[in-house]
Every structure is written in C-alpha cells, then in structure tokens.
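Nothing in this text is a laboratory measurement; each read-out follows from the coordinates by a stated rule. No experiment lies behind these values; they were computed from the predicted model shown. Quick reminder, even Gly has a Cβ in these numbers, built from the backbone with ideal geometry, and neighbours come from all protein chains shown.
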Amino acid sequence: MLLSFLFFLLPGIDQSSNLSNAYVSFEVSHLGVLTVEGTFSEITGELRQEGGIWLAEGEIIVESIDTGNTTRDRTILTAPYLNVDEYPTIPFKVRMELSSDDVAIEIDGQIRGLPFKIESQLVVVDNQLVSLPITLDRKAIGLDFGSMDSLIGNEITLFIHTGLNSEMLD
C-alpha cells in the first residue's frame, strides 16, 4: 500500500492554532497495478510553538475519507481495512524543530490501534516546509488486512506538508 499523507496547516501561525484547515491526501497501491487517490478531510487538534519547537496533537477522522467512489470508501471503512467502528480516528503527535541548521519532524501515531513512529527532515518547497519521503512498512507495525492482505502492498510512503512558511526558520 502506498499511502501519501499531506498535512496542510495554517501559514503565519502565531503561538498556537487549531488544525481545522488541515487535511490528509493519500495514494494506495492495489494489486500492484492500480493506484487509488483520496483524502481525509477532517483533522482535529492543536498546533503550538514552544521556543523553536512546534508541537501538534490531533486526530484524523477516519470516516472523512473520500476516494471519489462512495462504494470503495464504504469498503475501506469496514473491519478488514480501517475498521471505523472500532477505530474512528487516527491519533497523532508531531514535533518539528525549525532552525536553519536542522529542520526535522517526528510523528508518533496509531493506525487501527497499532503504534508507529516516523522521522524525517523538512525541506523548502514553494516557500513551505515539506518532509522528504518517509516509508513505513505496515507489516512491521502489524497492520494486517486479513484475507484481503495480499491485495495491498506493504509500504506506506508519507509526505508531510506542514503549511509552515520557510521564513519561520531562525
């Protein structure tokens, strides 16, 4: 499974902000030949600054998935896949260190109750801070889709688009 998360936060944040304008977009490799694109349009949480460090804590609302196909969306929400009835959110915590020498991002989260941790460097793209590609092996964190498992690839590739302006660097 190739899953690209794109977090868009508010540019020009003062000391704190909510994540109401954030969303996640993704791509999923299916059967190794098809790619499904979609978004999670609802994220709740807060972003705050503590010195040169930005911290965010929130949840992606799983039911807000939209792949452009309602039948497929309903299938993805079922127990073999995201299991929205048992896991209605994907909780996460983010730590970003913004300095001119080291621009790093760390994310701790849970998908279907299974913890994962990812780290990357941030780069400037169109004056915004964006992560380098991050690959997460879903098998390594125990994310299994039962009888449907062989239909989905093992890798989740993440791209974090912070929406933070590069001028925020020291």
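Just to be sure I follow: if Rg is taken over the C-alpha atoms of region 26-162 and Rh is the Kirkwood radius over the same atoms, what is Rg/Rh? Let's see the in-between values first.
Working: Rg = 15.8 Å, Rh = 16.2 Å.
Across region 26-162, the Cα-based Rg/Rh ratio is 0.98.
Mind giving me the FRET efficiency for LEU55 and ASN127? R0 is 25 Å, r the Cβ-Cβ distance, nearest 0.05 is fine.
Details: r = 22 Å, r/R0 = 0.90.
Calculated transfer efficiency: 0.65.
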